[in-house]
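Working notes, beginning with the structure itself.
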Amino acid sequence: MDLHERQQRILAELRLHGSLSAADFASRTGVSAMTVRRDLRELADEGRLRRVHGGAESVDTASLGGAHHRPAVRSGADRSQVATPLFTLGQVSPDPTYHFPPIVDSAVERARELGGRVVLGVSRYQRERESHQVERLLAGGVDALLVTTTVADSVEMLARLAQLTIPVVLVERSAEEAPIGNALESVRTDHATGMVLAVQHLVELGHENLRAIAYGTPTTPFLRQGLERAKRRLGLAAGAELFEVGEADSTGGDLRALLDEAMADGVTALVVHSDHLAVDLTGIAVASGLDVPGDLSIVAYDDQVAALAEVPLTAVTRPSRDLGALAATMAFERLAATDTVSASRHVTLCPRLTVRSSTAPPV
């Protein structure tokens with residue numbers, strides 16, 4: 001643990017609990033008591049805490065309400081067992097499968113590194129269930145929330161989150177629809193740039209007639225924006241459009257019809273969201289006698305199972321683990337902050353392109 005992270009943990013504990021024992025903190029974090037005392041002295045000189053005998057107190061008399069003081073560390077064999085974490089993050093995820101487990105896992109790991117824990121609630125893309133999970137976590141006394149709303153522009157939920165006095169970080173969602181002037185923060189993938197990466201890769205291979213196919217998900221509008229940006233930058237023909245399909249429309253017959261139409265129009269490359277749709281479409285193409293990538297290049301968007309397709313798929317890879325870790329870090333830093341007027345942060349992370357066997361120059 002470096003100096004900055006150690007001092008951030010000290011400030012977070014003071015913000016949450018009001019006071020801190022130097023010996024207890026040293027035991028829990030595995031650093032020397034002398035190092036902790038030096039940290040306390042430096043932070044006191046900066047006016048960020050008030051030193052007292054054996055530790056420190058918060059200079060902010062209004063520490064976060066509802067937080068319990070951490071009990072003293074037990075002696076002997078129980079020394080490593082601490083009953084109460086430094087902080088608790090409530091995380092609301094719309095889906096326990098596919099894209100979200102790496103986000104949750106990395107948030108859990110990062111919170112644990114910082115001395116906290118995560119409590120999870122799953123909405124399963126149901127707005128009522130989402131609201132219930134948020135209120136349940138609040139009633140349980142979480143110190144901050146990480147929330148992925150059921151839809152990208154969930155105005156009512158964003159308005160509710162904006163009312164809270166605890167830190168809230170939106171994960172894989174934009175805060176554009178949140179009330180102006182609120183302190184909601186966000187971290188999400190720059191999906192528009194992801195689409196540009198995919199299209200640029202195909203154009204550099206020599207593809208001039210390409211098309212995008214996507215499920216109607218919260219990601220899709222950003223993919224559409226990215227395709228329009230790529231068309232302007234790369235001079236693509238107007239026929240490079242995004243065709244949106246619903247879950248109910250993505251049967252084998254529907255995909256075959258989309259594929260037949262694309263081939264009839266002279267399309268030589270496809271960008272397909274999500275991986276499952278791309279894997280299914282690749283199987284249909286191969287079964288139809290098409291050579292992938294000889295007759296048709298395919299780029300998947302998500303890269304959760306793209307490598308497992310019949311022809312391993314080139315894919316735009318989301319920064320899933322980075323999203324969870326950064327969201328937990330942002331929430332922690334808000335908890336540790338003593339400056340209540342610091343600017344809120346809205347962070348976008350760029351995905352990367354993973355090239356496999358499904359893309360090649362057109363024949």
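The values are calculated or read from the model by the stated rules, or taken from the named source; none is laboratory data. Given the structure is predicted, the values throughout are model-derived calculations rather than measurements. Methodologically, a virtual Cβ is constructed for each residue, glycine included, from the backbone with ideal geometry; neighbour enumeration extends over all protein chains shown. Ligands, DNA and RNA are excluded from the accessible area calculation, which covers all protein heavy atoms including side chains. Shrake-Rupley method; radii C 1.70, N 1.55, O 1.52, S 1.80 Å.
Annotations for the structure displayed:
- Once the chain from Ser357 to Met1 is taken as fully extended at 0.36 nm per residue, the excess over their C-alpha distance is 124.0 nm.
- Val118 long-range amide H proximity, modeled H, under 5 Å: Leu89
- Taking label positions 7 Å along the Cα-Cβ direction at both Asp291 and Arg38, the computed distance is 6.6 nm, reported to one decimal.
- Amide H contacts of Ser274: Tyr215, each under 5 Å away and 5 or more positions distant or on a separate chain (H built 1.01 Å from N in the peptide plane; Pro and chain starts excluded).
- 5 angstrom amide H check on Phe243, placed H, neighbours 5+ away: Ala212, Ile213, Ala214
- The C-alpha atoms of the chain define a longest principal axis, and helix 100-113 lies at about 20 degrees to it.
- Positive-end residue of Leu120, Thr268, Thr314, charge dipole of the chain with Cβ unit charges: Leu120
- Derived scalar couplings ³J(HN,Hα) [the stretch 299-308; Karplus, 6.51 cos²θ - 1.76 cosθ + 1.60; whole Hz; x for Gly, Pro]: 10, 8, 10, 1, 6, 8, 10, 4, 5, 9
- For the chain, the solvent-accessible area with a 1.4 angstrom probe is 45 square angstrom per residue.
- Residues of the chain were split at every exposed loop site, defined as GluC sites (Glu not before Pro) in a DSSP loop with at most 12 other C-beta atoms within 10 angstrom, and the longest piece left, sites excluded, is 177-363.
- Solvent-accessible surface (1.4 angstrom probe) belonging to Thr348, in square angstrom, nearest 10: 70 Å²
- Additional length obtainable on full extension of the chain from Asp95 to Gln126, 0.36 nm per residue less Cα span: 10.2 nm
- Area of Asp280 that stays accessible when all protein chains are in place (1.4 Å probe, Å², to 10): 80 Å²
- Taking the square roots of 5 times each eigenvalue of the Cα gyration tensor of the chain, largest first, gives ellipsoid semi-axes of 48, 20, 18 Å.
- Stretching Ser342 away from Gln163 to a fully extended chain increases their span by 62.7 nm, per 0.36 nm per residue minus the current alpha-carbon distance.
- Sorted largest first, the principal axis extents computed over the alpha-carbon atoms of the stretch 264-363 equal 64, 24, 18 Å.
- Scanning the chain for trypsin sites (Lys or Arg not before Pro) lying in DSSP loops with no more than 16 further Cβ atoms inside 10 Å, the longest uninterrupted stretch between such sites is 125-344.
- Estimated purely from DSSP H runs of n ≥ 4, each contributing -39500 (n - 2.57), the mean residue ellipticity at 222 nm for the chain is -12500 deg cm²/dmol once divided by its residues.
- Estimated inter-spin distance, His53 and Arg136, nm [label 7 Å along Cα→Cβ]: 4.7 nm
- Between Val119 and Arg321, the modelled label-to-label distance comes to 2.8 nm, taking each label 7 Å out from Cα in the direction of the beta carbon.
- Scalar couplings 3J(HN,Hα) for the stretch 347-363, obtained by applying the Karplus form with A = 6.51, B = -1.76, C = 1.60 to θ = phi - 60°, are 10, 10, 10, 7, x, 10, 9, 10, 8, 10, 8, 8, 10, 7, x, x, 7 Hz; x denotes Gly and Pro.
- On the chain, 50 percent of the accessible area sits on carbon and sulfur atoms, based on a 1.4 Å probe.
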